[in-house]
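A short worksheet on the structure shown next.
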Amino acid sequence: YSFFPGRPRWPASKTDLTYAFLPANSLTDTIKSVFSRAFDRWSEVTPLTFTETASFQSADIKVGFFAGDHNDGEPFDGPMGTLAHAFSPPAGHFHLDGEENWVIDGVPIDDGNFFSTLSAVDLESVAVHEIGHLLGLGHSSVEDSIMYPTLGAGTRRVELANDDIQGVQELYGSNPNFTGPSTTLTPSQENDTNGTPKFGLS
Amino acid sequence: HFFPNISSIPPSLLKPNATAWAAFQKLLGCHSGQKVDGLAKIKKYFHYFGYVNSSGNFTDDFDDILEYAIKTYQQNFNLNTTGVLDGPTIQHIIKPRCGNADIVNGTSTMNSGKPPAGTPTMHTVAH
């Protein structure tokens, strides 16, 4: 695991973080629940909590979908390529490329050809990764970690690996209810392209 | 572009080769000393993710800067550090990814920023 230069993190006085969605995106509750699940994965292993708020301006974390140039100097590039980016604490900006084909319900379909095409992206996988950046984690070379930079077309990776947990706990400490990687806190299913379940951390 | 599942995505939107980096596949096998149309674009890719510092006008020459960037990228992604745009490296480069840089302010946050495995860590004994 790794951190941003200078190891920025949310101040110790701020463990209850709020997040809000760009009103102009008019996201449905179903889409918002994907982000809620993604936040839960990080709050399960740290003392941090994440609560949605309606006020985009005052929220600690601001989530928005944008297409192309969106005035932060890092324009998006259309389908595939860069999927999203997030700023280190305490900026809290979380931007996703609005031109991706975002799949909301990551449960694989029966025939196992989940993501059988190359241009569908699992929203929860990207959300869990970017929240890692929002908390202060950089990229990791550990291939099954959430903070590994690429998300192969056809994969869904939502469960924190040891590498991710050690990194975020080095910044914030642990959640008193977290009793180690074997704890199954948020059910999910991981599959790669041909639907073979991946037995990651659970 | 939100879909409950993959079968609800209209085929017209599923254009596998419309990805931003598909063009890099024609650079397969390029190595140091060559001049190939398109190398300037992949230098821009490496600059975007922090592997190349200078943001000047990139040329199509496969120069030392590009070779070093490729070796660092290969190290970060556990690929053989050949310094060549070989198959595994190209296949990895075109994968969709997070837009955050791998190398920030010149310091890598992945493998290449760590001491090689097995490097004896400094031991000091307090007297």
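Within a 10 angstrom radius of each residue's Cβ in A:95-104, how many Cβ atoms of other chains show up on average? Whole number is fine.
Shielding by partners across A:95-104 averages 4.
Taking each residue in B:67-78, count the Cβ atoms of any other chain within 10 Å of its Cβ, then average. What number comes out?
1
Considering only Cα-Cα distances, which of the following residue pairs are longer than 30 Å: A:LYS32/B:LYS43; A:LYS32/B:LYS95; A:LYS62/B:LYS95; B:LYS26/B:LYS71; B:LYS35/B:LYS95?
From the list (A:LYS32/B:LYS43; A:LYS32/B:LYS95; A:LYS62/B:LYS95; B:LYS26/B:LYS71; B:LYS35/B:LYS95), the Cα-Cα distance tops 30 Å for A:LYS32/B:LYS43.
Amide H neighbours of A:THR51 under 5 Å, at least 5 residues apart or on other chains, H built in the peptide plane: list them.
Under 5 Å from the amide H of A:THR51 lie the amide H atoms of A:LEU17, A:THR18, A:TYR19, each far enough along the sequence or on another chain.
Taking 30 Å as R0, compute the FRET efficiency from the Cβ-Cβ separation of A:ALA91 and A:SER26 and round it to 0.05.
The formula returns an efficiency of 0.80 here.
What average number of partner chain Cβ atoms lie no more than 10 Å from the Cβ of the residues making up A:127-139?
3
Would you mind putting A:47-53, A:5-11 in packing order, based on average other-beta-carbon counts within 10 Å, highest first?
Output ranking for A:47-53, A:5-11: A:47-53, A:5-11.
Bear in mind that the values in this text are calculations on the coordinates, not laboratory data. It should be emphasised that the depicted structure is a prediction, and the values quoted were computed from it without experimental measurement. Virtual Cβ from ideal backbone geometry, glycine too; neighbours counted across all protein chains shown.
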